[in-house]
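One structure is given here, and the rest of the page talks about it.
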Protein chains: 2
Amino acid sequence: MKIFKYPDKNLWPEILKRPSKDFSELESIVQEVFEQIKNEGDKALLNFTKKFDGVNLQEIEVSKEEIENAERLVSEQLKAAIQLAKNNIRKFHSSQAIKEEEIETIEGVRCWRKAVPIDKVGLYIPGGTAPLFSTVLMLGIPAKIAGCKEIILCTPPNVNGEIHPAILYTASLIGINKIYKLGGTQAIGAMHLGTECVPKVYKIFGPGNQYVTAAKQVANKFGTAIDMPAGPSEVLIVADQTANPAYVAADLLSQAEHGADSQVLLITYHEKLIEEVEKELSKQLEVLPRRDIANEALENSRTILVKDQEEALEIINEYAPEHLIVSNEDENFFVEHVKNAGSVFLGNYTPESAGDYASGTNHTLPTNGFAKAYSGVSLDSFLKKITFQRISEQGISKLGPAIEVMAEAEELMAHKNAVSIRLKDLNF
Amino acid sequence: MKIFKYPDKNLWPEILKRPSKDFSELESIVQEVFEQIKNEGDKALLNFTKKFDGVNLQEIEVSKEEIENAERLVSEQLKAAIQLAKNNIRKFHSSQAIKEEEIETIEGVRCWRKAVPIDKVGLYIPGGTAPLFSTVLMLGIPAKIAGCKEIILCTPPNVNGEIHPAILYTASLIGINKIYKLGGTQAIGAMHLGTECVPKVYKIFGPGNQYVTAAKQVANKFGTAIDMPAGPSEVLIVADQTANPAYVAADLLSQAEHGADSQVLLITYHEKLIEEVEKELSKQLEVLPRRDIANEALENSRTILVKDQEEALEIINEYAPEHLIVSNEDENFFVEHVKNAGSVFLGNYTPESAGDYASGTNHTLPTNGFAKAYSGVSLDSFLKKITFQRISEQGISKLGPAIEVMAEAEELMAHKNAVSIRLKDLNF
């Protein structure tokens, strides 16, 4: 990790810079894939799967038998862990369902909002060596609580045309049974456009590589909503003398192992901690299977020594980390004043892994500074709110004249007339 | 209006088709403007304002004196109307602030969310002949309630370099004093990139023409959040024998006068209504100042006769109108079952104009079918929610083993280790 001691504030932007990526060059590739899917439907999907995943599929949709088989292939221990995680995620996300009151803004004018599920949603689960069944929980559970009617899931098959049993088991456990063997651009394109086999959805969720990210951007530009813009994962740890250096190092590494482009930051005002954490990092790195990846990520990462917690706070709000871990004597200072962060972990026994898997919070969070304007995925992400209003004769009598004046000032006389014609009947 | 009587369901997609527009050809123009703003800052803004708005500005920011003068130029009657609207909008949007509970998912694992304002937001108010001060209320009031620290407003100057006093007065009334004389692409570019004079914001709100829409899309692609994708305004009215044909016609026209590309739809199962509404349309059109625009919009619009309210509901949910007016004996049928709509107006005395100006609901709503996945602007649009968690020693002891099992199954051993290292210290 690069160490900066008491850097001048005007250096912060440079120090806090993320490795930026521009996906616009991928747009034309994505658009070609989308064009073929539009023209050829499932046939195009099968061709792309052969080309990119190296497998000649007979069927795109996962069969009932495959799903039933999966249950037998997952260990009881893992099943129990998934069940516990499921319960916690369900409990926390269920608590986000809040019924709002009807409001009478003036007598006879009643307004309210109603949360309604997004009818058709698509979840993307990346492939690769490891099966990210935890993301199935994080996206599928709030979709189910929201009441989305059609929930589909796309995930790339391996070279044998199979999906990892842990993904199939988890999806089935939470009631998602429309699963398609599709990865990358062709998966996003299928959900965005719809084919014979894959239904078109209104909103697409889930992480992925640069092709998935670019494809989601293009889908969004042409009318399909997406969960949020994506970037590499990141954590910022703010720690003082009460922090445990071994825990700090472990938490930094748990983020660094995600990918060579992951960013981890340590901010402290306790100089001694820096050396202690560095020592722990070396020690713990040695035994990590993904140490090469983690090491590369650490090389792009920063330790910043600041003068006090106020300055640490400023850096946090400027950087807007996806994950923020607070190991600080005065936790509440950060709870109260943090403005920009995706998810915050408080205290020495709250590792980020807890939120990644099982504590109940969502792990789909805004990266790349997007926490300045975006929230992580929550129950809200699967709902939209419709406003309703009902105005009585008395209500329009009171409200009407103001509307007439305003509409006339905006030179929208038909808007005015829609009120005048009613007031006239009511003898106003 | 084109009339379709009992059309076959497989014709619906064609009948409900919107005049679609692709702004991607404008992207390169937008990117050139953005590039110049990036390189030359305010100088570029002044040049573009000269080129596009035909005025040689000395200052981009509106002065204190201009704001103070505006107050004298707005009539007392309009001020009173704006004040009434402001109170109602404030009342309804304030009610959307809801504090969520802290949840203990399992013993010792506490999770909660906190709503935090987006620090820096930019509001765009289009120019043109009429001053859209109502949009200043609709965007500015929730931004203020949310507590956004920096709220800026851009709106194009006229050829004399002035902003309409009603806009300046309204902005100042709700406490927005950073107002810039900037229109179109250069306004969006300035807020997206920041210049010497205009601060960079995290989220851009507001309607506009095709250049504004394209510029917001590009800004969004490069990291600035936007309120929602835009399209022409639209209303769908579902009406039966209890509807008043004159009111229905007035409401259709109030939408049609927005622009030649506006869409208005009338759905009914009471055949007689069609002729009555057509008669009223002709009559009311005659006296409208914007009748040419309204007439053109009506030509693209549709009346659909269906067999019953169930079929009407299906069409509504398929079309996903921005505004839905329900003049139906059984209002609650639609209240209960409408899934896709931006804002719903119930009963014969609830014209859409009420929501456009003064009833309290927001008028920035999803068009173009986006109501299938998007909500209108609300207090939520100016907030993001940060999740927090605090886990006790007991909590991690209970939760930890499940995290270990899951992390190992996802082959993320550093994630597992972040838990193991703590459990070890706690003698687990």
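The values are calculated or read from the model by the stated rules, or taken from the named source; none is laboratory data. Everything quoted here is computed from the prediction, not taken from an experiment. Here the Cβ is made from the backbone with ideal geometry for all residues, glycine too, and neighbour counts use every protein chain on show. These area figures cover heavy atoms from the full protein model, side chains too; ligands, DNA and RNA do not enter into them. Shrake-Rupley method; radii C 1.70, N 1.55, O 1.52, S 1.80 Å.
What does DSSP give for the stretch B:23-229 in terms of the percent of beta bridges that are antiparallel, rounded to the nearest 5? The partial results should precede the final answer.
Working: 4 of 18 bridges.
If I count the DSSP bridges inside the stretch B:23-229, around 20 percent turn out antiparallel.
Taking a 24 Å limit on the Cα-Cα distance, which of the listed pairs A:LYS178/B:LYS339; A:LYS2/B:LYS149; A:LYS203/B:LYS221; A:LYS221/B:LYS372; B:LYS149/B:LYS216; B:LYS38/B:LYS372 fall beyond it? Each step should come with its number before you reach the end.
Numbers: A:LYS178/B:LYS339 22 Å; A:LYS2/B:LYS149 33 Å; A:LYS203/B:LYS221 17 Å; A:LYS221/B:LYS372 15 Å; B:LYS149/B:LYS216 22 Å; B:LYS38/B:LYS372 36 Å.
Too far apart for the 24 Å limit: A:LYS2/B:LYS149; B:LYS38/B:LYS372.
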Seminar exercise, completed: Label points for B:HIS270 built 7 Å along Cα→Cβ; distances to same position in the other copies, nm, shortest first, come to 7.4
Exercise. Considering the rotational relationship between chains A and B, which residue of chain A contributes the beta-carbon of minimal distance to the axis, and what is that distance to the nearest Å?
Worked result: A:ILE98, 3
Problem set entry | Choice from A:LYS398, A:LYS51, A:LYS43 showing the highest fluctuation, given a GNM over chain A with Cα pairs closer than 10 Å | A:LYS398
Exercise. Nearest-5 percent of antiparallel DSSP beta bridges in the protein assembly as shown?
Worked result: 25
Exercise. By DSSP, what percent of the beta bridges with both residues in chain B are antiparallel, rounded to the nearest 5?
Worked result: 25
Seminar exercise, completed: For the stretch B:255-359, the percent of accessible surface on carbon and sulfur atoms (probe 1.4 angstrom, ligands and nucleic acids excluded) is 43
Exercise. Sorted from largest down, what three extents in whole angstroms do the Cα atoms of the protein assembly as shown have along their principal axes?
Worked result: 83, 65, 47
Problem set entry | Reciprocal of mean inverse Cα separation for the stretch B:95-165 (Kirkwood radius, Å) | 15.3
Seminar exercise, completed: Heavy-atom accessible area with a 1.4 angstrom probe orders A:PHE205, A:PHE52, most exposed first, as A:PHE52, A:PHE205
Exercise. Gaussian network model of chain A, Cα springs within a sub-10 Å range: biggest mean-square fluctuation belongs to which of A:ALA243, A:ALA171, A:ALA358?
Worked result: A:ALA243
Seminar exercise, completed: Sequence order, the stretch A:92-98: Karplus ³J(HN,Hα) from phi using 6.51 cos²θ - 1.76 cosθ + 1.60, θ = phi - 60°, Hz rounded, Gly and Pro as x, gives 5, 6, 5, 5, 7, 7, 10
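Rounded to the nearest 0.05, what FRET efficiency is calculated for A:ASN158 and B:VAL159 with R0 set to 51 Å and r the Cβ-Cβ distance? Kindly include the intermediate steps, with their values, before the conclusion.
Details: r = 65 Å, r/R0 = 1.28.
Working from the Cβ atoms, E equals 0.20.
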Exercise. Tell me, what is the per residue accessible area of chain A in Å², probe radius 1.4 Å?
Worked result: 38
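Classify chain A: rounded, prolate or oblate, from the alpha-carbon gyration tensor (a ≥ b ≥ c, eigenvalue square roots; a/c under 1.5 rounded; otherwise prolate if a/b is larger than b/c)?
oblate
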Exercise. For the stretch A:102-119, what does the Karplus curve 6.51 cos²θ - 1.76 cosθ + 1.60, with θ = phi - 60°, yield as ³J(HN,Hα) per residue in whole Hz, taken in order and with x for Gly and Pro?
Worked result: 7, 10, 9, 5, 9, 3, x, 10, 10, 10, 7, 10, 10, 7, 10, x, 6, 4
Problem set entry | Low-density loop cleavage sites - GluC sites (Glu not before Pro) in the stretch A:72-112, where at most 16 other Cβ are within 10 Å (DSSP) | A:GLU100, A:GLU101, A:GLU102, A:GLU107
Problem set entry | Exam field: B:GLY161 pseudo-label spacings to other copies (7 Å along Cα-Cβ), nanometres | 7.3
For this session: Between A:GLN36, A:GLN77, A:GLN217, find the one with the highest GNM mean-square fluctuation for chain A; connect C-alpha pairs within less than 10 Å.
Result: A:GLN77
Problem set entry | Within the stretch B:192-215: backbone nitrogen closer than 15 Å to the B:LYS178 label point (7 Å, Cα to C-beta) | B:192-205
Problem set entry | Label point at A:LEU73 placed 7 Å out along Cα→Cβ; residues across the stretch A:198-214 whose backbone nitrogen lies under 14 Å | none
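Do any trypsin sites (Lys or Arg not before Pro) in the stretch B:53-111 lie in a loop, going by DSSP, with at most 15 other beta-carbon atoms within 10 Å of their beta carbon, and if so which? Write down the numbers at each step before the final one.
Details: sites: B:LYS64, B:ARG72, B:LYS79, B:LYS86, B:ARG90, B:LYS91, B:LYS99, B:ARG110; in loops: B:LYS99.
Loop-located and lightly packed - B:LYS99.
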For this session: Starting from the Cα gyration tensor of the stretch A:27-178, take the square roots of the eigenvalues, sort them a ≥ b ≥ c, and report rounded, prolate or oblate (rounded when a/c is under 1.5, otherwise prolate if a/b is larger than b/c, else oblate).
Result: oblate
Exercise. Exactly which trypsin sites (Lys or Arg not before Pro) in the stretch B:279-337 are in a DSSP loop and have at most 10 other Cβ atoms within 10 Å?
Worked result: B:LYS307
Problem set entry | For the stretch B:175-180, Karplus couplings with θ = phi - 60° (6.51, -1.76, 1.60), whole Hz, Gly/Pro x | x, 9, 10, 9, 10, 10
Exercise. Under the definition of Cα pairs under 8 Å and six or more residues apart, what whole-number percent is the relative contact order of chain B?
Worked result: 21
Exercise. If one computes the Cα centroid of the stretch B:121-139 and of the stretch A:57-131, what distance in Å separates the two points?
Worked result: 38
Exercise. For the pair B and A, how large is the buried accessible area, both sides, in square angstrom to the nearest 100, if the probe is 1.4 Å?
Worked result: 10800
